[in-house]
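Presented below is the structure to which this report refers.
The values are calculated or read from the model by the stated rules, or taken from the named source; none is laboratory data. Small disclaimer: the values here were computed from a predicted structure and weren't measured. Neighbour counts are summed over all protein chains in view; Cβ atoms, including those assigned to glycine, are modelled from backbone coordinates with ideal geometry.
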Amino acid sequence: DTEVTQTPKHLVMGMTNKKSLKCEQHMGHRAMYWYKQKAKKPPELMFVYSYEKLSINESVPSRFSPECPNSSLLNLHLHALQPEDSALYLCASTPRADSGANVLTFGAGSRLTVL
Amino acid sequence: GENVEQHPSTLSVQEGDSAVIKCTYSDSASNYFPWYKQELGKRPQLIIDIRSNVGEKKDQRIAVTLNKTAKHFSLHITETQPEDSAVYFCAGRDSSYKLIFGSGTRLLVRP
């Protein structure tokens with residue numbers, strides 16, 4: 001299995017809702033990432049987990065809460081989001097986080113719309 | 001931290017012509033430079049990458065060149081085809097191992 005799987009593919013939520021995005025990989029990778037991508041913009045790094053520990057938080061608002069239950073799973077919990085948070089949320093993984101030789105593999109993304 | 005600049009923002013070429021996209025980076029410690037292709041509504045996909053110990057890498061119609069002294073690298077696509085139409089992102093990995101993306105180039109190949 002050489003893929004990163006994300007669910008759901010599409011999510012519409014209100015500003016008072018609580019929802020979660022899920023990501024799974026079975027490549028034995030020990031680093032997992034959340035990126036946010038707005039239309040016509042490059043992916044922006046949000047969080048990095050290395051060996052199931054949060055190693056980078058790019059000053060993301062607390063309404064986004066990441067969780068890494070094990071080395072194969074990465075969640076992004078969403079609460080009290082704003083319409084400007086609507087975007088494509090991409091999960092990615094690499095064998096390790098602390099190596100320059102890593103190739104980043106992206107999932108298909110979860111397209112989030114906040115009403 | 002690393003800063004990657006990419007140009008042009010849009011590029012239109014006739015089918016069969018070559019396309020060149022250029023990027024510059026700021027962190028002299030950066031040593032890995034991938035290129036991603038993103039079709040409309042899809043994920044970014046790695047098409048080619050280069051490490052700082054080589055100056056050029058080719059894969060069929062795609063090539064990447066790296067000039068470490070000038071801190072710039074370029075993507076070259078020869079014999080372009082309509083299916084090459086997409087947004088292309090360059091990136092550089094900085095000394096903290098974060099991948100920093102350029103702003104993207106929208107390539108249109110006219111049949």
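Considering segment A:25-48 alone, what residues qualify as being without any contact (Cβ under 8 Å) to a residue 40 or more places away in the chain and touching a Pro at 6+ places or on another chain (Cβ under 7 Å)? A:47, the sole residue that qualifies. Checking each residue in segment A:66-88 for being more than 20 Å from residue A:53 (Cα to Cα) and either touching a strand residue (DSSP E or B) at 6+ places or on another chain (Cβ under 7 Å) or at the interface with another protein chain (Cβ under 9 Å from one of its Cβ atoms) (or both) picks out A:79, A:81, A:82, A:83, A:85, A:86, A:87, A:88.
Taking the criterion of being closer than 22 Å to residue A:41 by Cβ, part of a strand (DSSP E or B) and either more than 11 Å from chain A (Cβ to nearest Cβ) or among the aliphatic types (A, V, I, L, M) (or both), the residues of segment B:78-111 that qualify are B:86, B:87, B:91, B:99, B:100, B:107, B:108.
What do you reckon, is residue B:16 at pLDDT below 95 and not hydrophobic (A, V, I, L, M, F, W, C)? No; evaluated as a whole, the condition is false for this residue.
Taking the options A:81, A:11, A:76, A:54, name whichever one is under 28 Å from residue B:35 (Cβ atoms) and either part of a strand (DSSP E or B) or touching a residue at least 60 places away in the same chain (Cβ under 8 Å) (or both). Let's see the steps before the verdict.
On the way: A:81 fails: under 28 Å from residue B:35 (Cβ atoms); A:11 fails: under 28 Å from residue B:35 (Cβ atoms); A:54 fails: under 28 Å from residue B:35 (Cβ atoms).
The unique qualifying residue is A:76.
Only one of the listed residues (A:67, A:44, A:52) is over 27 Å from residue B:90 (Cα atoms), of a type in the set (D, E, K, R) and within 12 Å of the chain's Cα centre (by Cα). That residue is A:67.
Residue-by-condition table, conditions (1) under 27 Å from residue A:56 (Cα atoms); (2) away from every other protein chain (no Cβ under 11 Å); (3) surrounded by 12 or more Cβ atoms within 10 Å (Cβ to Cβ):
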| site | (1), (2), (3) |
| --- | --- |
| B:1 | yes, no, no |
| B:17 | no, yes, yes |
| B:31 | yes, no, yes |
| B:45 | yes, no, yes |
| B:50 | yes, yes, yes |
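Of all residues in segment B:51-66, those that are at pLDDT 95 or above and in contact with a Phe, Trp or Tyr (Cβ under 9 Å, 6 or more places away or on another chain) total 4.
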